[in-house]
């Protein structure tokens, strides 16, 4: 990894370790100092001018004195954890759209561009046979249609959704209320390992963060933020799944709820959601029609052949069918090497370019279908 690029991310992680530094304050520090390395090295007066209060400044000073960021970063690398910040092209596009998106994401496994096409399935930990059947059928259907299934790796509906998706050969992502090195509940460690092979586990909590009860409600905004829609299968009146549904509604996502018996405790929450305006999920057809799932294959094909931003467009004008070394690409495109490297990696996943050895790349000039994609 480029050393300057690593150093910059190191300071994002540093501030992420400090209680009281969230999305708003992180944004303010970047705006004031230009980069977080400068903010990390700033004196208390400068931090106050940047908008931090005295208690938060005290925590920053304590963190600088007590945390060896080089050792923190070394541990992250040893654990195979990927760091994505707002500034990364690979940061999930849909998550960027929500109010106060998490500044730092920790990922084990891999988040792919195609994971943009995702549905969250959440529900009670005390899943009934009815809820299990619905979750398995829905997850299998989504996997068969190329959709990524997102949930929270919790007991009950969440675990069933992840397991059924993997069994059907699909991709699934778990969003944790702890560090990605602290799998909770512990009996789901084997499941988490399987998910890392065909998906990812994600958290905005730093490695080492224990699964404290207060962490779980805020993480639900990431579950809904990564998704096109949220399906609540079963939920009691105080279920955390209802918090996810609330976040989804605020974020402009479709919210579906599976109706159940008015006598069943696990259906009281879902029936109430429907009463309050959620869409009743009576069959997978309801989801297909609402999300136009039948066209997901077309949308993915279009994404693979169409540049998604100005950097990709510029790189495509530079590349030809003759191998070009990455430094030459950088010089001709007049872009920072870290942006060129990150974009080329994504473009290779999308089938737009191909690496032919020695960090040499060629453009893939295939006959391009004319797809219109709703953006």
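The values are calculated or read from the model by the stated rules, or taken from the named source; none is laboratory data. Every value quoted in this text rests on a predicted model; they were computed, and no experiment measured them. Positions of Cβ are backbone-derived with ideal geometry, glycine not excepted, and every protein chain shown enters the neighbour counts.
Checking 181, 115, 158 one by one, the residue that is in a helix (DSSP H, G or I) and within 25 Å of residue 9 (Cβ to Cβ) is 115 and no other. The residues listed here are 29, 52; of these, the one that is buried (at least 17 other Cβ atoms within 10 Å of the Cβ), in a helix (DSSP H, G or I), out of contact with any strand residue (DSSP E or B) (no Cβ under 8 Å at 6 or more places or on another chain) and not assigned by TED's automatic domain parsing to the domain that holds residue 227 is 29. Among the criteria (1) more than 24 Å from the chain's Cα centre (by Cα); (2) part of a loop (DSSP other than H, G, I, E, B), the one residue 270 does not fulfil is (2). For residue 77, state whether it is closer than 28 Å to residue 193 by Cβ, out of contact with any helix residue (DSSP H, G or I) (no Cβ under 7 Å at 6 or more places or on another chain) and at pLDDT below 95. So residue 77 passes the test. Checking each residue in region 179-215 for being more than 15 Å from the chain's Cα centre (by Cα) and closer than 19 Å to residue 21 by Cα picks out 207, 208, 209, 210, 212, 214, 215.
Got a sec? Which of 61, 24 is surrounded by fewer than 19 Cβ atoms within 10 Å (Cβ to Cβ), at negative phi, outside the structural domain of residue 341 (by TED's automatic domain parsing) and touching a helix residue (DSSP H, G or I) at 6+ places or on another chain (Cβ under 9 Å)? Among 61, 24, only 61 is surrounded by fewer than 19 Cβ atoms within 10 Å (Cβ to Cβ), at negative phi, outside the structural domain of residue 341 (by TED's automatic domain parsing) and touching a helix residue (DSSP H, G or I) at 6+ places or on another chain (Cβ under 9 Å). Can you find, within region 67-83, the residue that is surrounded by the fewest Cβ atoms within 10 Å (Cβ to Cβ) among those that are under 16 Å from residue 108 (Cβ atoms) and without any contact (Cβ under 8 Å) to a residue 12 or more places away in the chain? Selected residue: 78. Count of region 135-155 residues, restricted to those that are touching a strand residue (DSSP E or B) at 6+ places or on another chain (Cβ under 9 Å) and part of a helix (DSSP H, G or I), is 5.
Restricted to helices (runs of 4 or more DSSP H) entirely inside region 277-362, those with at least 2 residues that are surrounded by fewer than 16 Cβ atoms within 10 Å (Cβ to Cβ) and at pLDDT 90 or above are 326-333. For residue 264, are the conditions met, namely being under 18 Å from the mean Cα position of the chain (by Cα) and under 22 Å from residue 159 (Cβ atoms)? It is false that residue 264 is under 18 Å from the mean Cα position of the chain (by Cα) and under 22 Å from residue 159 (Cβ atoms).
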